[in-house]
């Protein structure tokens, strides 16, 4: 697997309203809350988490991948109140294409407040100016209008359905690929 050049200075990103910080083991109850919500999971090909142990296991794997420089995975928190509102990540780094994939998720009660947009803009800036990536991909469900609008607002272009573009991909037939050239 290709590796990112990860340094301590890019494990935390600060924006006007948010702290976007590296995930920690103590985030397990938040990850469980986020990923056990059926509404949050309806557009992804993963079953909602059934228990806290699943969240703990997920975090252990992610921390291991961070330590191997294979992924960035951040928790999105509000600055003033330090409330955890979501996560955002860069993963699936390709040295050959100098690209990565972005993923994000927010608790329903914090959607439509601009938090995802602010976090995505910060990660795009990091990808361009500190990681020197040339492009970022995103995959989202064809019916996930909020995610599609967020990507389009941030300069991503729809390329088509993942299965048509990448026949070996394991994504379902309703998943669309978007790309932003940096």
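Have a look at 94, 147 and point out the one that is surrounded by 14 or more Cβ atoms within 10 Å (Cβ to Cβ) and at pLDDT below 95. Selected residue: 94, the only one of 94, 147 that is surrounded by 14 or more Cβ atoms within 10 Å (Cβ to Cβ) and at pLDDT below 95. Number of residues in the range 23-42 that are buried (at least 18 other Cβ atoms within 10 Å of the Cβ) and farther than 20 Å from residue 11 by Cα: the value is 4. Condition check for residue 155 on (1) surrounded by 19 or more Cβ atoms within 10 Å (Cβ to Cβ); (2) in a loop (DSSP other than H, G, I, E, B); (3) in contact with a strand residue (DSSP E or B) (Cβ under 6 Å, 6 or more places away or on another chain): one failure, at (1).
Okay, residues lined up against (1) more than 17 Å from the chain's Cα centre (by Cα); (2) touching a residue at least 24 places away in the same chain (Cβ under 8 Å); (3) more than 30 Å from residue 132 (Cβ to Cβ):
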| residue | (1), (2), (3) |
| --- | --- |
| 19 | no, yes, no |
| 23 | no, yes, no |
| 32 | no, no, yes |
| 46 | no, no, yes |
| 53 | yes, no, yes |
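Being crowded, with 16+ Cβ neighbours inside 10 Å, outside any strand (DSSP E or B) and within 16 Å of the chain's Cα centre (by Cα) is the requirement here; does residue 136 meet it? Spelling it out, it is not the case that residue 136 is crowded, with 16+ Cβ neighbours inside 10 Å, outside any strand (DSSP E or B) and within 16 Å of the chain's Cα centre (by Cα). Return the residue satisfying two criteria in turn: it lies in the range 43-74 and is loosely packed, with under 15 Cβ neighbours inside 10 Å and not in a helix (DSSP H, G or I), and of such residues it is modelled with the lowest pLDDT. Result: 45. Return the residue satisfying two criteria in turn: it lies in the range 102-116 and is over 12 Å from the mean Cα position of the chain (by Cα) and part of a helix (DSSP H, G or I), and of such residues it is farthest from residue 151 (Cα to Cα). Filtering the range 102-116 for residues that are over 12 Å from the mean Cα position of the chain (by Cα) and part of a helix (DSSP H, G or I), the one farthest from residue 151 (Cα to Cα) comes out as 109.
The values are calculated or read from the model by the stated rules, or taken from the named source; none is laboratory data. Quick caveat, the model's predicted, so the values are computed rather than measured. We place every Cβ from the backbone using ideal geometry, glycine too, and count neighbours over all the protein chains shown.
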